[in-house]
Structures are given as C-alpha cells and as structure tokens.
1. Run down Thr12, Thr39 and say which single residue is within 21 Å of the chain's Cα centre (by Cα), of a type outside the set (D, E, K, R), surrounded by 10 or more Cβ atoms within 10 Å (Cβ to Cβ) and modelled with pLDDT under 75.
2. What are the residues in segment 20-36 that are loosely packed, with under 13 Cβ neighbours inside 10 Å and either within 15 Å of the chain's Cα centre (by Cα) or not basic (Lys, Arg) (or both), if any?
3. Take Ala64 and decide whether it is more than 24 Å from the chain's Cα centre (by Cα), modelled with pLDDT of 80 or more and surrounded by fewer than 10 Cβ atoms within 10 Å (Cβ to Cβ).
Amino acid sequence: MWQERISCVWITYGSLCNGRKWLQENKHLRYMWIPDTDTVVVVQCNPLTEGQVPKESMSHKYSADERLSAARTLYREVAAKFL
C-alpha cells in the first residue's frame with residue numbers, strides 16, 4: 001500500500017529548490033504542470049510503514065451507477081453508430 005500526499009505549488013525559485021529535498025524524502029514524486037498558469041501540482045508517494053493503516057477512502061456523493069451513467073450513455077450512442 002502507498003500513502004499519497006498532494007500539494008499545489010506556484011513556480012518560484014524557492015519551490016524549485018524544494019525539488020532536491022522532495023526527491024530525497026519521497027519514494028515517488030510526480031510534477032503536473034497546469035497549462036497557461038504558473039501552478040504545478042506535486043504528488044508525493046511513499047510506501048506505508050509496517051503497522052501503518054491507510055486512510056479511509058473517500059465516500060462518494062453519488063452511487064457507482066449514477067457516476068457512470070453519462071459514460072454508459074455515450075458508449076451506447078457510439079456503439080450504435082459504429083457497430
């Protein structure tokens with residue numbers, strides 16, 4: 001299991017200097033630039049230590065059927081057109 005921490009940073013010289021520190025502290029590091037902004041989302045992932053329990057997963061406001069209904073409708077429309 002992995003523990004994930006997400007932070008949003010603005011590009012500055014100081015935040016770029018944190019990159020070396022973050023690389024040393026984390027097992028996995030991912031930078032995602034948001035186009036047309038000076039914002040970068042930083043995702044830091046580390047394996048859970050022995051005995052550490054993962055955080056509860058998020059509860060969803062809508063059921064799985066409600067969340068997938070738009071995608072299913074689109075799939076049916078495309079399938080009817082091309083299959």
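The values are calculated or read from the model by the stated rules, or taken from the named source; none is laboratory data. Quantities reported herein were computed from a predicted structural model and do not represent experimental measurements. Using ideal geometry, Cβ is built from the backbone for each residue, glycine included, and neighbour counts are taken over all protein chains shown.
1. Unique residue meeting the criteria: Thr39.
2. Leu23, Gln24, Glu25, His28, Arg30, Tyr31, Met32, Trp33, Ile34, Pro35, Asp36
3. Considered against the rule, which asks whether it is more than 24 Å from the chain's Cα centre (by Cα), modelled with pLDDT of 80 or more and surrounded by fewer than 10 Cβ atoms within 10 Å (Cβ to Cβ), Ala64 comes out as no.
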